[in-house]
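Notes to accompany the following structure.
The values are calculated or read from the model by the stated rules, or taken from the named source; none is laboratory data. Keep in mind the model is a prediction, meaning the values are calculated, not measured. Reconstructed Cβ throughout: ideal geometry from the backbone, glycine too, with neighbour counts over all protein chains shown. Remember, those area values only see protein heavy atoms, side chains included, never the ligands or the DNA or RNA. Shrake-Rupley method; radii C 1.70, N 1.55, O 1.52, S 1.80 Å.
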Amino acid sequence: MPRWLSRRVLASASTLAFAVAGFCAVVVAGATPAAAAESRQVVTAEIPREEQAKVIVRLPVTRLTAGQPRFFYGRYAATSRYGLMMAAQLVCTVNGRGYTSVTSTMNHRGAELDPFARVISVRWLFVPPVTGDYNCRLIGYAKTDDTEVPPDAKLVVVPGANTLFGMHDDVKAGALEWRDPDSYLPPVEVANPVAYVFDDSTWTADPGARRLDVRADVEVTAVSTGGDRPFAPLLTLTAQQLGGDGCGTATATVDPGEIVTHHYKVQLTTRATISTATGCTRAFDVKVKVQYRPWPQPGHTRHGGRVEGGRYSNLILRNA
């Protein structure tokens, strides 16, 4: 058994209730991939607080082949008069059973503090477990624990370039999505300034691949830790080819700035060229470093935060 399966989840098909561990992508020989698709047609313009999730954008029913990985992406923009947590998720249903991406969440602080539309996004590598006609859609919901927010509070979806749902048609065999366990919630603070996500795992590129395409979506949450300045993490995605110093490597760093909305999804993307030099293997060590950054001058301390686990953060690895 690979060493990462003891604490990692290989998420190729999952629902809100469970994730399938150890499911490998096997492309069916001779199968023709479904064509790429994208829609910006808004289905539901308003998302009332605390109600059932609403479909925001959907794709036409699509025939997907078992074992043939597909890359989905979605996002929506929304305004709100009141402070609400906005969430996004991608869902594909076949034969009455739904399969879901991780969830992205973000706090819209209301019109007074956020007098504009906030955008929330999610990416998903889905490996269909069965061949069939799939109903795939981008869903969203709104929630708050603030008793002063009126019952009729809602998110208002903003159509346009920042509200869409799509599917690529170019995913090759061997593509996988990783998720850490839901219980994995490492702190990032003064006492623990560095946390790693998707650590202790390796992935091997297919023999014909020339590059490794890596997409990591990491959700971080600001936490009150006794400071007087906002949480401001630095995230670095690293894909290191194993076998020696001369082997391929790639990094991507994202500075999201100060996290003032409590929940925040950070998206990182990079490509690593696969070296064929002597001693280089086709295996890669891929992980994301989340680093706490102190206030640059003395006299102030930043709050800390934490990394959200398998329900909210995912890593997508693809041959290219």
Kirkwood hydrodynamic radius over Cα pairs of region 48-197, then Stokes diffusion coefficient at 37 °C and 0.692 mPa s, in µm²/s: 192 µm²/s
Accessible heavy-atom area order of R109, R40, R318, highest first, probe of 1.4 Å: R40, R109, R318
Accessible solvent surface per residue of the chain, calculated while the other protein chains remain in place, 1.4 angstrom probe, Å²: 44 Å²
With all protein chains modelled, accessible area of S275 [1.4 Å, Å²]: 30 Å²
Dipole moment magnitude, nearest 20 debye, region 133-283 about Cα centre, only Lys, Arg, Asp, Glu C-beta charged: 600 debye
Non-local Lys pairs in the chain, i.e. 8 or more apart or on different chains, that have alpha carbons under 30 Å apart: 12
Net charge of neighbours whose Cβ lies under 13 Å from the Cβ of E46, counting Lys and Arg as +1 and Asp and Glu as -1: +2
Region 212-287: mean projected area of Cα convex hull, nm²: 5.7 nm²
Correct choice for Kirkwood radius over Cα pairs in Å that was computed from the model, options (1) 20.5; (2) 22.5; (3) 21.6: (1)
Sulfur and carbon atoms: percent of accessible area, region 184-287 [1.4 Å]: 49 percent
With eigenvalues of the C-alpha gyration tensor scaled by 5 and rooted, region 82-158, Å: 31, 13, 10
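Convex hull over the alpha-carbon atoms of region 188-320: what's its volume per residue in Å³?
Spread over its residues, the Cα hull of region 188-320 gives 107 Å³ apiece.
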Assigned charges on the beta-carbon of Lys, Arg, Asp, Glu; the chain dipole about Cα centre (debye): 660 debye
